[in-house]
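The values are calculated or read from the model by the stated rules, or taken from the named source; none is laboratory data. Because the structure is a prediction, the values reported are computed rather than measured. Positions of Cβ are generated from backbone atoms using ideal geometry, with glycine treated the same way; all protein chains shown enter the neighbour counts.
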Amino acid sequence: MKHHIDKAPLFEALTKWKDKEPISFHVPGHKNGAVFSKYWNADQLYRSLLSIDATELTGLDDLHAADGPIREAEHLTADFYGSIGSRFLVGGSTAGNLAMLMGVCSEGDLVFVQKNCHKSVLNGLRLSKARPIFLSPMVDSESQIATGLTLDSLQKAIASYPSVKAIVLTNPNYYGMTIDLKPIISYAHEHGMAVLVDEAHGAHYAREPYFPRSAIQLGADLVVQSAHKTLPAMTMGSYLHIGNELYRNAINDYLELFQSSSPSYPIMGSLDLARHYLSSQSEEQLEEILREINKFRKQLKDLSGITVIEKNGPAYDRLDPLKITVQVRGMSGYELAAQLEEEGIFVELADPLNVLLACPLAYLPGQFEKTRNVFEQLSNRLNHTITDTTLLPVTWMEEDITFPAYSFKELDTMNKKEMNFVKTAGAIAARAIIPYPPGIPIVMPGERISVAKIRMLEIVIKGGGHVQGIKENMIEIAIEEE
């Protein structure tokens with residue numbers, strides 16, 4: 001592993017270029033940071049970053065035809081993660097999910113899709129015109145959070161739909177709940193399916209045993225990771241790992257289509273450094289990080305009225321130690337998040353029951369201590385006679401296997417109208433309805449809207465959650481011919 005630690009070729013190339021103090025007669029227009037707004041001292045804030053915000057100059061390579069430091073950085077990434085090829089993504093995991101779906105699926109292909117997928121998976125299906133068959137995941141009873149598929153659910157689905165082209169899995173889920181994908185990947189391959197995995201929240205999964213194993217190490221054909229979610233990379237920085245040579249050319253073609261022809265060098269440089277950072281963490285450093293996180297987790301758990309979600313049921317196999325899901329008695333997740341924000345603590349997301357704390361892959365002195373003190377203050381103010389039952393969301397994944405009533409292609413030809421969402425039971429959703437974060441649709445495009453899903457949306461909206469696809473309580477539905 002030493003060569004991973006000793007090199008960050010793209011970042012090194014950017015640094016050497018910057019140190020030449022080059023005169024810019026090229027894009028971008030800020031001219032290496034010399035020209036920038038001084039509003040609120042913005043020029044001072046941005047200056048160091050703009051000094052490496054370069055373009056495809058001599059020695060800095062080209063993402064779409066890499067043969068220099070970008071290529072070397074991607075090779076180091078592939079070697080570290082165990083793929084046959086890895087690509088840098090500057091458009092987030094969204095770009096990777098779109099490329100995966102387009103690179104594998106054609107119009108009319110049947111595709112199994114884990115129902116708690118990200119909205120970008122739906123967009124990839126829409127572009128490819130593949131036909132999704134949604135498979136409902138397990139649900140953790142304490143947190144009411146959807147987790148992952150079971151092998152049994154896949155076996156039943158294949159028995160009903162034996163000609164499926166691919167399966168799209170989401171693992172871990174947003175909350176770090178991870179299932180063992182090995183038997184699912186193996187069974188899917190036995191039945192001729194490509195296995196695509198949205199592993200957005202598992203970019204750190206290359207360091208076993210401290211974290212679960214990555215899907216690329218378990219035999220998946222294509223895996224997307226959001227480096228910026230758990231590694232020290234800039235926002236939108238992600239990886240796409242190729243595990244099957246069959247798809248390499250198609251993936252490269254579609255990444256050229258979906259990614260900018262002027263990719264961000266600071267983002268790409270941070271991807272190079274994120275791989276370097278993860279690979280260079282010693283066993284002692286990783287043990288210290290996890291020891292401090294577990295200490296913080298226990299401190300929260302010991303507070304009266306505070307529940308910390310732990311592995312205690314069959315809905316998932318392992319919990320990512322970087323994720324801490326917390327409930328406070330008598331408060332919705334949205335209320336808890338608002339209380340924490342008043343104290344300057346911003347959580348990753350809130351849902352009707354929980355807040356999610358995404359911990360750093362580092363020990364930052366003072367961060368856990370302050371947060372623990374705020375939770376202790378909340379605990380001391382709680383009215384412990386209040387019960388939580390009214391906060392529990394309904395289960396909206398009613399059936400194990402669901403096939404939308406209308407395909408994306410059919411939806412495009414149908415007339416649409418707006419309707420108050422509370423009156424839409426039985427109507428056809430024209431587009432996905434998505435609480436964001438986490439970006440997991442409650443209502444899928446082309447499916448018939450159920451009373452349970454309306455109720456779930458009511459809970460989210462009443463609690464103060466942000467929902468994409470709803471404006472002033474109105475959603476768009478497709479009109480069926482009589």
Exercise. Hey, does the stretch 165-178 have a residue that's farther than 22 Å from M456 by Cβ and without any contact (Cβ under 8 Å) to a residue 40 or more places away in the chain?
Worked result: no
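I want to confirm something. Restricting to the stretch 368-395 and keeping residues that are under 25 Å from the mean Cα position of the chain (by Cα) and modelled with pLDDT of 95 or more, which single residue is farthest from E287 (Cα to Cα)? Even if it seems obvious, please write down each step before you answer.
Narrowing the stretch 368-395 to residues under 25 Å from the mean Cα position of the chain (by Cα): 368, 371, 392-395.
In the following step, the residues that additionally are modelled with pLDDT of 95 or more were identified as 368, 371.
Values: F368: 17, T371: 21 Å.
Filtering the stretch 368-395 for residues that are under 25 Å from the mean Cα position of the chain (by Cα) and modelled with pLDDT of 95 or more, the one farthest from E287 (Cα to Cα) comes out as T371.
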Seminar exercise, completed: Residue pairs qualifying under the 7 Å Cβ cut-off, at least six apart or on distinct chains, with the first in the stretch 24-35 being under 14 Å from I52 (Cβ atoms) and at pLDDT 95 or above and the second being not in a loop (DSSP other than H, G, I, E, B) and not aliphatic (A, V, I, L, M), are G33/Y46; G33/R47
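Collect the residues in the stretch 34-61 that are part of a loop (DSSP other than H, G, I, E, B) and at positive phi, keeping them in residue-number order.
The initial filter retains those residues of the stretch 34-61 that are part of a loop (DSSP other than H, G, I, E, B), namely 34-38, 51-61.
Within the stretch 34-61, G59, D61 qualify.
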Problem set entry | Test: residue in the stretch 54-66 that is within 25 Å of the chain's Cα centre (by Cα) and buried (at least 16 other Cβ atoms within 10 Å of the Cβ) | yes
For this session: Might you check whether a residue that is farther than 20 Å from G446 by Cβ, in contact (Cβ under 8 Å) with a residue 12 or more places away in the chain, crowded, with 17+ Cβ neighbours inside 10 Å and not assigned by TED's automatic domain parsing to the domain that holds R448 occurs anywhere in the stretch 124-133?
Result: no
Exercise. Picking from L364, L349, which residue would you name as being without any contact (Cβ under 8 Å) to a residue 60 or more places away in the chain, under 27 Å from the mean Cα position of the chain (by Cα) and not assigned by TED's automatic domain parsing to the domain that holds I461?
Worked result: L364
For this session: Would you check if there is a residue in the stretch 144-158 being surrounded by fewer than 23 Cβ atoms within 10 Å (Cβ to Cβ) and under 20 Å from L349 (Cβ atoms)?
Result: yes
Problem set entry | Only listed residue being free of Cβ contacts under 8 Å to residues at least 60 places away in the same chain and either hydroxyl-bearing (S, T, Y) or within 21 Å of F408 (Cβ to Cβ) (or both), chosen from T94, T77, T55 | T94
Seminar exercise, completed: Checking K453, K471 in turn, the sole residue that is within 25 Å of the chain's Cα centre (by Cα) and surrounded by fewer than 16 Cβ atoms within 10 Å (Cβ to Cβ) turns out to be K471
